[in-house]
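A.B. asks: Here's a structure for you.
The values are calculated or read from the model by the stated rules, or taken from the named source; none is laboratory data. These figures come from a predicted structure and were not determined experimentally. So basically every Cβ, Gly included, is an ideal-geometry build from the backbone, and we count neighbours across all protein chains shown.
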Amino acid sequence: MRIASKAGALVLTIAITFSVLAGCKASIVGKYFNEKHPNQYIELKPDLTFQMVEEDGTGATGTYEIEGDVILLKLQIGIVGRSKLQGNTLIDPDGDRWTKK
């Protein structure tokens, strides 16, 4: 009986953990627009990929990781950028703010 109880508790803990992690990922998914240059944006997608679009329409793609309140953006060319997540805003290393809309 105890083993079944412990197994049930473990399953419940795992289910809650995955639900919380899925919720965190889902909450950051979307387009973040540069406040200084409104035609520039970063789109974080649910599959942990992103697309960055510049003002002239050019862009780059890559993957992202979530480390607490830091988003690591990994470009396909090997460059890694860090942005801090504060609410619905990403703040890049230059202090530029990218707000989710």
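A.B. asks: Of all residues in region 76-101, how many are exposed (fewer than 14 other Cβ atoms within 10 Å of the Cβ), among the small types (G, A, S) and within 15 Å of the chain's Cα centre (by Cα)?
C.D. replies: 1
A.B. asks: L73 - would you say it is surrounded by 10 or more Cβ atoms within 10 Å (Cβ to Cβ), at pLDDT 95 or above and touching a Gly at 6+ places or on another chain (Cβ under 8 Å)?
C.D. replies: Considered against the rule, which asks whether it is surrounded by 10 or more Cβ atoms within 10 Å (Cβ to Cβ), at pLDDT 95 or above and touching a Gly at 6+ places or on another chain (Cβ under 8 Å), L73 comes out as yes.
A.B. asks: Among the residues of region 6-15, is any more than 16 Å from the chain's Cα centre (by Cα), surrounded by 10 or more Cβ atoms within 10 Å (Cβ to Cβ) and at pLDDT 95 or above?
C.D. replies: No, every residue in region 6-15 fails to be more than 16 Å from the chain's Cα centre (by Cα), surrounded by 10 or more Cβ atoms within 10 Å (Cβ to Cβ) and at pLDDT 95 or above.
A.B. asks: While we're here: Scan (1) at pLDDT 95 or above; (2) on the phi < 0 side of the Ramachandran plot; (3) touching a strand residue (DSSP E or B) at 6+ places or on another chain (Cβ under 9 Å); (4) surrounded by fewer than 15 Cβ atoms within 10 Å (Cβ to Cβ) for the single condition H37 breaks and write down its number.
C.D. replies: Only one criterion in (1) at pLDDT 95 or above; (2) on the phi < 0 side of the Ramachandran plot; (3) touching a strand residue (DSSP E or B) at 6+ places or on another chain (Cβ under 9 Å); (4) surrounded by fewer than 15 Cβ atoms within 10 Å (Cβ to Cβ) is unmet by H37, namely (3).
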